[in-house]
Each structure stands twice: as structure tokens, then as C-alpha cells.
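Where a number appears in this text, it was derived from the coordinates with a stated rule and is not lab data. Note that this is a predicted model, so its numbers are computed, not measured. With ideal geometry, Cβ positions are generated from the backbone for all residues, glycine too; neighbour counts draw on all protein chains shown.
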Amino acid sequence: MRFFNQRRRFRDLSEQEVLALAISSEEDDSRIYRSYAEALRPEFPDSARIFDGMADEEDAHRKALIAAHRVRFGDVIPLIRREHVAGFYARRPVWLTRNLPLERIRAEAEAMEHDAERFYHEAARHSSDAATRRLLGDLAAAEARHEERAQELESTHLDTPAREDEDRQAHRQFVLTWVQPGLAGLMDGSVSTLAPIFATAFATQDPWTTFLVGLAASVGAGISMGFTEAASDDGALSGRGSPIKRGIASGVMTTVGGLGHALPYLIPHFWTATSIAWVVVFFELWAIAWIQNRFMETPFWRASMQVVLGGALVLAAGVLIGSG
């Protein structure tokens, strides 16, 4: 088994190695919190100060652990990290958390403290050595105090108006980066593909041919909208966020909008497929109107006129052209 798993088991670690592991873990967590702070500072300075304070707390615990190690074992600290120990909690790489929204970063930090506390409690429960049990219990208590300290820092730096302002900013950024491009793509995919799909359907009355045309139109429109959105604005001045994210949102939703009323033509019976496609179109258009009203604050009557009436006209045009 050791050939396949080169990581040490926690119960095989000496007290010195446990202390060294705690030191390296505190150092890693401090660096993660500082990375969060730097990522949040431009848009959420109050939350950035919270993570600065949490990083300072981790640094203080690391220094205390180093002092304890120096007293008991000397100045040479063994090199042992989380990834060297089987079953030890892992932290996600910083590049996987760098673009997380504000609430996810807060939740990630809370999970970090919970993971460490739970691990140390469990390790202490299974330890047979009294000194090691006491050490692990102290570390668990320190992690619990970290969470309490985080709450204190939040109450100091992030009062209710500041938190509400940051939450509004986070919601606005979500809308600008994901909702607006996605909604534009959904509208384009749902409306622009109506005419070619239903024109093909009534011209050929062949469900499979209609599906292929709908698939091609949907995928082609998705690729076009995705590249157009990504190339139109780098987000530096507009504040609309990453062009890659916007391009993905727009391209995927454009394809989804077109496939919604193309997929029913996988049914081999023409009128059954067409009837289901009409029902899908009805719900698609009203769903878009609702999304516009919910996220874009567009008056519902205006959204209905823009989307439902416009879509109905495009659908009618496709049917007339295909029947002619």
C-alpha cells in the first residue's frame, strides 16, 4: 500500500511533525487570506480589511507555534505540509478561488476555519498520547477563536451600510458579467432562430431536416454571439467584468435559446413535434420577459412587447415563408 500512497498517516507523525504541520498550515492560510484581500481590495475594500486582519491572526499563531517548537525541539523545523499527510484537509489553489464572488469567498474562509477545527478535534480524539492530545486540542481551540475573531473583525470593518453596499456591488457585477450577456444571448438565440427553423419545418415537413437546421442555426449563432460579446468590450472601462466570462454566458445561452424549439423535432411525427415546439416558444418568450423584469428592472409590459410580440412576428414570418 505504501508503494501506491506515499503520504504519511497522521497517527504515524511525531509530536514535532504535528507541530511543524500546524506551522506550515498557519502560513498557508495566512497567504490565502492575503490573496483574498488583494483580490477584493479594488471593489470591496471593507471586506479586504477583514481578510487582512484574519491573515494577521494566522501570522500571530504561526509565530506562537514556532516559539513553542523552538522551546521543545529546537530551531530546525521539519518540512511537512498538508499534501504530505493522508486525510489532511486540503485548500483549493488560489487560481481556482481568485474569481469567486464575494459571498463565495466569505463562505470559503469560513469553511477553512471549520475544516481545521474539525480535523484537530478528530485527531485529538484518536490520539493516545496525552501531550499530543493536549496539543491538538489547543490547535482546535485556536481555530475556533479564529472564527470568533473573524466575526469581530467583520463587525469592526463591515457595518450594515458597508455590507449592504458591497452586496449591491456584488449583485451589480453579477448582472453585468453574467445576466446581461446571457439574457442577450438567450433573446438572440430564441428569436433569431425562429424564422429558419419554422420556415424549414413548413417547407419540408421533415422533422429530422428541421432539427439539423435548428441545430446548425443554434450552434452557429452561439459561436458568433460568444465571440462578438468577448471582442466588443474588455471590461476595463465599462466595469462589465471578464470578456471571457461574458462571451461564455452569451454564447451558451444563445445556443440554449435556439435548441429549445429545435429539440422537439427529434420527434418523428411532424405535427406533434411542431405543436410541442410552439409550446416551448411560448414559455421561452415569457421566461425571457420575466428575466428582463426581474434582473434588468425592465417594466413587465415593455419586456412583453419587446420579446413576446417581436418573437411572435418572427415566428409568423418563418411560417409564412415556409408555407409559401
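How would you classify the range 239-319 from its alpha-carbon gyration tensor, with a ≥ b ≥ c the square roots of the eigenvalues: rounded for a/c under 1.5, else prolate if a/b is greater than b/c, otherwise oblate? In terms of gyration-tensor shape, oblate.
The fewest-to-most ranking of Ser192, Ser14 by surrounding Cβ atoms within 10 Å reads Ser14, Ser192.
For the range 253-294, backbone nitrogen atoms closer than 13 Å to the point 7 Å from Arg302 Cα along Cα-to-C-beta are found at 292-294.
For the range 173-324, what does the alpha-carbon gyration tensor say about shape, rounded, prolate or oblate, given a ≥ b ≥ c as the root eigenvalues, a/c under 1.5 as rounded, and a/b over b/c as prolate? The partial results should precede the final answer.
Numbers: a/c = 2.59, a/b = 1.70, b/c = 1.53.
Since a/c reaches 1.5 and a/b is larger than b/c, the shape of the range 173-324 is classed as prolate.
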